[in-house]
There are 2 protein chains.
Amino acid sequence: MTDTATATPPLIAIDWGTTSLRGALLGPEGQVLEERQAAQGILQVPAGGFATVFEQHFGDWARRPGSLTLISGMAGSRQGWLEAPYCACPAGFAQLAQGLAWLPGLPWRVGIVPGVSTEAQQVPDVMRGEEVQIFGALQLAKLHSATLVLPGTHSKWATVQDGQITGFSTWMTGEVYALLSQHSILARSLPPDAVFDELAFERGVQQAQQGPSLLHTAFGTRTLQLMGRMPDDALASYLSGLVIGEELRGQAFSTSASDTPLLLIGSPSLTQRYAQALALLGRSSRRWGSEATWAGLWALSRQWPSP
Amino acid sequence: MTDTATATPPLIAIDWGTTSLRGALLGPEGQVLEERQAAQGILQVPAGGFATVFEQHFGDWARRPGSLTLISGMAGSRQGWLEAPYCACPAGFAQLAQGLAWLPGLPWRVGIVPGVSTEAQQVPDVMRGEEVQIFGALQLAKLHSATLVLPGTHSKWATVQDGQITGFSTWMTGEVYALLSQHSILARSLPPDAVFDELAFERGVQQAQQGPSLLHTAFGTRTLQLMGRMPDDALASYLSGLVIGEELRGQAFSTSASDTPLLLIGSPSLTQRYAQALALLGRSSRRWGSEATWAGLWALSRQWPSP
């Protein structure tokens with residue numbers, strides 16, 4: 001702990017998701033002074049227990065004079081600490097700041113960042129937490145317009161133009177891969193301990209580009225094994241390529257402007273896999289990790305109106 | 001039991017699948033004299049136990065003088081009674097008959113019908129049992145060319161031209177619907193006892209036609225509920241429409257000749273749902289049930305070479 005950190009009102013940046021809780025203490029320049037995490041996502045917090053869990057993990061930080069805490073993620077959902085209604089697209093930093101939900105009755109200033117909603121083809125879509133990562137990555141990349149991809153259980157693809165999220169979509173890619181590889185007829189074909197097979201993954205990505213749909217191509221994982229046309233150890237990587245490749249096919253790169261920067265945000269292993277698939281389709285990308293969350297919350301702390 | 005049935009060598013038609021065993025005793029004109037079924041699919045038969053299970057359920061039929069038994073389905077797979085290698089497309093009745101695998105060492109004539117294989121985009125595809133239903137439905141419909149759809153856990157789409165299956169594809173539609181509705185994040189949104197909602201189903205079918213992929217559209221089931229835009233009781237039907245609609249979108253009807261007859265084969269409730277979805281896309285269809293299996297095996301019994 002440095003003198004600077006003690007002397008300047010600190011920012012406590014928190015990403016409180018469905019299954020995990022991560023926090024960082026940020027210094028006056030947004031630098032990370034300390035990080036903490038716990039397996040206490042909102043589903044693990046008993047009713048009425050959010051303030052207690054918060055104090056338990058971050059009370060010593062919050063008690064510093066003038067502290068400000070900003071929380072993004074599912075803590076702002078209906079099942080969370082305090083509901084922060086969604087900001088509708090187009091949504092920029094200013095809208096997020098205006099939409100902050102301040103927790104009443106606490107000895108410290110704690111604001112919850114709203115999620116963002118959009119609508120396409122008469123169906124709504126929502127995100128909570130990713131919007132902060134998006135603005136954080138844009139800050140770090142010094143960009144005002146980009147396509148941002150946040151791969152995961154429910155991947156998000158967002159378009160940002162002139163600092164505004166103009167639209168986004170959710171893809172159940174990670175969850176469908178888990179269901180197919182663990183619970184479908186394909187599960188019995190996949191050895192549990194296979195290592196990642198780069199070539200099989202790339203073959204899956206390419207196969208997916210030909211369509212017609214994952215509903216059909218996924219069955220190929222079984223027939224390739226049945227006919228002895230692919231080694232068992234390669235099948236899981238092939239299936240991963242099919243599922244991620246289906247997501248990329250849905251973005252219809254051939255018709256989109258190829259000079260829009262593409263930023264990937266997520267765990268290194270997952271963004272690496274997406275970067276590889278994108279490169280195969282002729283698209284370069286840049287990758288960011290959890291630093292995007294802290295950068296986003298820090299940038300937001302410079303914008304919020306007085307509570 | 002009629003005199004005719006006793007006097008004429010009977011055909012015992014059997015569909016032995018992964019999880020069920022169904023059989024019919026057919027008269028000289030192919031008419032069904034008696035049907036039986038048991039929950040003894042090939043996965044429930046102990047190693048070396050196929051002859052015993054067969055005799056237990058159908059021994060009295062097989063002991064009739066001159067009896068012939070034809071078995072289709074997974075009984076001819078590597079995990080079945082006797083492997084009957086796949087016939088490669090294009091495959092007609094003659095190829096199936098030539099590929100019959102006759103069981104040695106039995107007091108009766110028992111032949112196992114081979115499955116059919118095809119290949120598209122360097123990936124093989126296979127069917128076992130459906131080929132008999134396909135030829136049976138064509139017999140009943142008096143057609144030599146058609147598109148045949150067998151909806152189910154793993155739906156099949158087959159093209160028949162001049163009596164030959166020229167190609168087909170497998171779709172994991174039923175299985176993916178089960179996984180999404182029972183094991184994904186969507187499961188908690190779906191009330192377990194909702195009745196079929198026709199309008200929500202049709203909305204799902206239409207939504208799927210706009211793409212870009214089920215990986216994205218399925219998430220709409222959750223957001224429509226979250227935003228209070230669809231009653232809970234309608235969500236499962238909407239999701240069913242999305243999944244079946246994705247299968248239909250993959251068939252790219254807009255580019256296929258619309259004067260090819262479309263035959264649906266399967267359980268009445270499922271073929272009814274597909275017929276409704278197809279009608280919504282401007283395609284008429286005709287529906288067949290288990291009679292297609294018996295008709296197919298009966299027609300095949302007129303073609304096999306002497307054992």
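Summary for A:Leu43: label point 7 Å along Cα→Cβ; distances to the equivalent points in the other copies, ascending, 2.6 nm. Comparing B:Gly73, B:Gly266, B:Gly49 in a Gaussian network model of chain B (Cα springs below 10 Å), the most mobile by mean-square fluctuation is B:Gly49.
Charge dipole (Cα centre; +1 on Lys/Arg Cβ, -1 on Asp/Glu Cβ; no other charges) of the protein assembly as shown amounts to roughly 140 debye.
From the Cα gyration tensor of the range B:9-144, with a ≥ b ≥ c the square roots of its eigenvalues, which class applies: rounded if a/c is under 1.5, or else prolate if a/b is larger than b/c, or else oblate? Verdict is oblate for the range B:9-144. Taking A:Gly136, A:Gly228, A:Gly289 in turn, the Gaussian network model of chain A (Cα-Cα springs below 10 Å) assigns the largest fluctuation to A:Gly228.
If you take all other residues with their beta carbon under 11 Å from the beta carbon of B:Leu215, and give Lys and Arg +1 and Asp and Glu -1, the sum is -3. Of all chain B residues, the closest to the B-onto-A rotation axis by Cβ, with that distance in whole Å, is B:Leu179, 2. With contacts taken as Cα pairs under 8 Å at a separation of at least 6 residues, chain B carries a relative contact order of 17 percent. Note on the protein assembly as shown: dipole from Cβ charges, positive end direction compared against B:Val32, A:Gln164, B:Ala187; the farthest Cα belongs to A:Gln164.
Placing a label point 7 Å from the Cα of A:His183 along the Cα-to-Cβ direction, the distances to the matching points in the other copies come to 0.5 nm, shortest first. Assuming charge only on the beta carbon of Lys and Arg (+1) and of Asp and Glu (-1), the dipole of the range A:1-140 about its Cα centre is about 280 debye to the nearest 20. Dipole check for the range B:58-202: with +1 at the C-beta of Lys and Arg, -1 at the C-beta of Asp and Glu, and the Cα centre as origin, the magnitude is about 640 Debye. Taking each residue as 0.36 nm, the span from A:Ser284 to A:Gln272 lengthens on full extension beyond its C-alpha to C-alpha distance by 3.1 nm.
Cβ crowding within 10 Å ranks B:Ile265, A:Ile71 as B:Ile265, A:Ile71, fewest other Cβ atoms first.
Measuring r between the beta carbons of A:Met227 and B:Glu34 and using R0 = 56 Å, the FRET efficiency lands at 0.90. Inter-copy label distances at B:Gly66, shortest first and taken from points set 7 Å along Cα to Cβ: 10.4 nm.
Subtracting the Cα-Cα distance of A:Gln209 and A:Ala187 from their residue separation scaled by 0.36 nm leaves 5.6 nm.
Straight-line cross-link reach from A:Lys156 at under 16 Å between alpha-carbon atoms covers these aspartates and glutamates, not counting any fewer than eight positions away in the same chain: A:Glu119, A:Asp125, A:Glu130, A:Glu131, A:Glu175, A:Glu246, A:Glu247.
Available extension along the chain between A:Thr153 and A:Ala94 is 18.4 nm, counting 0.36 nm per residue and deducting the alpha carbon span.
Check each of the chymotrypsin sites (Phe, Trp or Tyr not before Pro) in the range B:189-298 and keep only those in coil by DSSP with at most 15 other C-beta atoms within 10 angstrom; list them in order.
Numbers: sites: B:Phe196, B:Phe201, B:Phe219, B:Tyr238, B:Phe253, B:Tyr274, B:Trp288, B:Trp294, B:Trp298; in loops: B:Phe196, B:Phe219.
Sparse-neighbourhood loop chymotrypsin sites (Phe, Trp or Tyr not before Pro): B:Phe196.
Between A:His183, A:His57, A:His154, the GNM of chain A built on Cα springs shorter than 10 angstrom shows A:His183 fluctuating the most.
Projecting the Cα positions of A:Ile14, A:Ala75, A:Gln95 onto the charge dipole of the range A:1-121 (unit charges on Cβ atoms of Lys, Arg, Asp and Glu, taken about the Cα centre) puts A:Ala75 furthest along the positive direction.
All of the numbers you see were taken from the coordinates with simple rules; none came from a lab. From a predicted model like this one, the values you see are computed outputs, not experimental measurements. Note that each Cβ is placed from the backbone with ideal geometry, even for glycine, and that neighbours are counted across all protein chains shown.
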